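The next block holds one structure in the form of structure tokens; read it before the comments.
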Amino acid sequence: MVPARCPGPCAILALVLFLGCGVVMSSGQNDTEPIVLEGKCLVVCDSNPSSDGAVTSSLGISVRSAGAKVAFSAVRGTNHEPSEMSNTSMTIYFDQVLVNIGNHFDLKASVFQAPRRGIYSFSFHVVKVYNRQTIQVNLMQNDYPVISAFAGDQDVTREAASNGVLLMVEREDRVYLKLERGTLMGGWKYSTFSGFLVFPL
């Protein structure tokens, strides 16, 4: 069964149904009467793809494009010697990127900028070397702290401040790590900062 052709440009979603009986029951988004699909192929026209790259048909079927994939993971491969920039902003900088799907993590600034509105997962693991002080690391969203982690044990040679969170993030929001308290002089090696899009909104 093939619905009428859409006028003008449209996104076409083809569902190939391998059916033994040749009949499928489906209901629309507005809970109307079930639609009986017969045969082996259904083609749905939709002239209004969603802004996040997904195509949503009038049957409530959504297919996300490959462009909707967003993920990053950055690490610190060397010990940190605070620069004038880091002393001013207190941003925690990374020097290697392991994953950067979509290229939305700026390594030089060590800031992730969201390409679309959605629910994102973020986690971090910041290592300090032995010193007699406590460090506090904040996960920042647009210059506002969201979560914090602390490391202050004076009886270990290395310690990490770690935390993770799910966040609702708007398009072009910036997410990064900030050293709120303490110093990372000589430390920071093997620290990580990662995040990914769980689903768009």
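Taking every protein chain into account, the 1.4 Å probe leaves THR134 with about 40 Å² of accessible area, to the nearest ten.
Taking 7 Å steps out from each Cα toward its Cβ at SER148 and ALA71 produces label points 3.2 nm apart.
By how many nm would the segment from LEU201 to ARG117 lengthen if fully extended, with 0.36 nm per residue of separation less the alpha-carbon distance? Mind showing how you got there, number by number?
On the way: separation 84, 0.36 × 84 = 30.24 nm, distance 0.57 nm.
Length gained between LEU201 and ARG117: 29.7 nm.
Which net charge results when you count Lys and Arg as +1 and Asp and Glu as -1 among the other residues whose beta-carbon is under 10 Å from that of ARG174? Don't skip to the answer; put the middle values down first.
Numbers: positive: none; negative: ASP106, ASP143, GLU172, ASP173.
Summing Lys/Arg as +1 and Asp/Glu as -1 gives -4.
Using 1/(1 + (r/R0)^6) with R0 = 25 angstrom and r between the beta carbons of MET168 and TYR190, what's the FRET efficiency to the nearest 0.05? About 0.25, to the nearest 0.05. Other residues within the sphere of radius under 10 Å centred on the Cβ of PRO145, judged by their own Cβ, net out at -1 (K and R +1, D and E -1).
Need one word for the stretch 112-152: rounded, prolate or oblate. Basis is the Cα gyration tensor (sqrt eigenvalues a ≥ b ≥ c); a/c below 1.5 gives rounded, then a/b vs b/c decides. Present the calculation step by step, with values, prior to reporting the outcome.
On the way: a/c = 3.45, a/b = 2.62, b/c = 1.32.
It comes out prolate by the Cα gyration axes.
In order along the stretch 137-148, phi translates into HN-Hα couplings of 10, 10, 8, 9, 10, 6, 6, 10, x, 9, 9, 10 Hz, rounded to whole numbers, per the Karplus curve 6.51 cos²θ - 1.76 cosθ + 1.60 with θ = phi - 60° and x for Gly and Pro. On full extension, the segment bounded by SER89 and THR134 gains 14.3 nm, given 0.36 nm per residue less the C-alpha separation.
The values are calculated or read from the model by the stated rules, or taken from the named source; none is laboratory data. Remember, it's a predicted structure, so these values are computed and weren't measured experimentally. Every residue, glycine among them, receives a Cβ derived from its backbone with ideal geometry; neighbour counts consider all protein chains shown. Quick note on the areas: whole protein, heavy atoms, side chains included, nothing else; ligands and nucleic acids left out. Shrake-Rupley method; radii C 1.70, N 1.55, O 1.52, S 1.80 Å.
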